[in-house]
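Written below as structure tokens is the structure these notes are about.
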Amino acid sequence: MTPRLIRLIVGLAIYGAGEALIVRAGLGVDPWTVLAQGISLHTGWGIGWIVNLLGLAVMLAWIPLRQRPGVGTLANILLLGTSMQLVLDLVPDAHGIVFQALALLSGILLVAFATGLYISAGMGPGPRDGLMTGLHTRFAIPIWVARGSIELTVLGAGWILGGTVGLGTVAFALLIGPLVHRALPLLARRPRVALLPISADGPPATPSRA
């Protein structure tokens with residue numbers, strides 16, 4: 001197993017674990033997990049399994065955008081939600097504001113660290129980031145518009161379905177970018193790795209190495 005593949009697998013596993021802690025904090029989750037939560041409430045399926053299914057559905061949306069998945073894309077679909085579900089099955093909900101805050105911050109830190117690992121592997125974008133960059137490439141939509149539109153749409157849909165929107169949602173949005181910015185130089189395999197817009201549901205894409 002190559003070092004890049006190890007980074008990819010470990011990064012996705014840690015990312016899923018971090019997302020699970022954020023869910024267990026009960027203070028609000030990132031937009032894509034809000035959607036997964038909402039669907040889970042209506043289907044009875046585990047949130048992690050729904051994360052995997054959403055990743056697959058989003059990747060299928062790449063077809064008209066002429067995007068090509070990489071190893072990292074497929075691994076994202078198979079591993080991120082699976083790791084998340086395994087941790088959700090093992091870790092109970094946090095109770096009390098102190099333990100909830102600790103779970104939330106620990107989850108965000110894990111996600112930031114995992115994102116650095118995932119990017120440094122350079123094996124293709126996650127499905128949601130590929131959707132964002134695909135819209136940018138195909139229709140010349142600015143990255144920030146594509147990202148914002150997608151995330152607001154899934155956030156609204158998830159909230160309507162009953163997903164948790166709250167302090168954790170805001171904290172994730174505010175903290176994940178700066179934390180990943182710190183993590184990237186520490187985990188990069190080479191001196192510099194470009195920091196691209198962070199998608200709240202998964203690690204950002206690295207088009208130059210996808």
### Message
Being assigned to a helix (DSSP H, G or I) and surrounded by fewer than 21 Cβ atoms within 10 Å (Cβ to Cβ) is the filter here; which residues of the stretch 114-143 pass it?
### Response
HIS136, THR137, ARG138, PHE139, ILE143
### Summary
In the stretch 144-164, anything surrounded by fewer than 19 Cβ atoms within 10 Å (Cβ to Cβ) and assigned to a loop (DSSP other than H, G, I, E, B) is listed as GLY162
### Message
Just to be sure before I move on: is ILE14 β-branched (Val, Ile, Thr), more than 12 Å from the chain's Cα centre (by Cα) and more than 25 Å from LEU135 (Cβ to Cβ) in the structure I sent?
### Response
no
## Note on the structure
Counting only residues that are part of a helix (DSSP H, G or I) and out of contact with any helix residue (DSSP H, G or I) (no Cβ under 7 Å at 6 or more places or on another chain), the stretch 96-108 contains a total of 6
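Of all residues in the stretch 22-44, how many are surrounded by 24 or more Cβ atoms within 10 Å (Cβ to Cβ) and part of a helix (DSSP H, G or I)?
Going through the stretch 22-44 one residue at a time, the tally reaches 9.
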#### Entry: Every residue from the stretch 142-179 that is over 13 Å from TRP32 (Cβ atoms), at pLDDT 85 or above and of a type in the set (Val, Ile, Thr)
VAL145, ILE160, VAL170
### Query
Based on what the data block shows, is ILE14 in a helix (DSSP H, G or I), at pLDDT 95 or above and not acidic (Asp, Glu)?
yes
### Query
Here are some residues: ALA61, ALA25. Which one is modelled with pLDDT under 95, among the hydrophobic types (A, V, I, L, M, F, W, C) and more than 16 Å from the chain's Cα centre (by Cα)?
ALA61
### Query
Of the conditions (1) open to solvent by 50 Å² or more (accessible area, probe 1.4 Å); (2) closer than 17 Å to PHE172 by Cβ; (3) part of a loop (DSSP other than H, G, I, E, B), ASP93 fails just one. Which one is it?
(2)
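The values are calculated or read from the model by the stated rules, or taken from the named source; none is laboratory data. Computed from a prediction, not measured in an experiment: that's the story for all the values here. Virtual Cβ from ideal backbone geometry, glycine too; neighbours counted across all protein chains shown. Areas reflect the complete protein model, heavy atoms only, side chains present, ligands, DNA and RNA absent. Shrake-Rupley method; radii C 1.70, N 1.55, O 1.52, S 1.80 Å.
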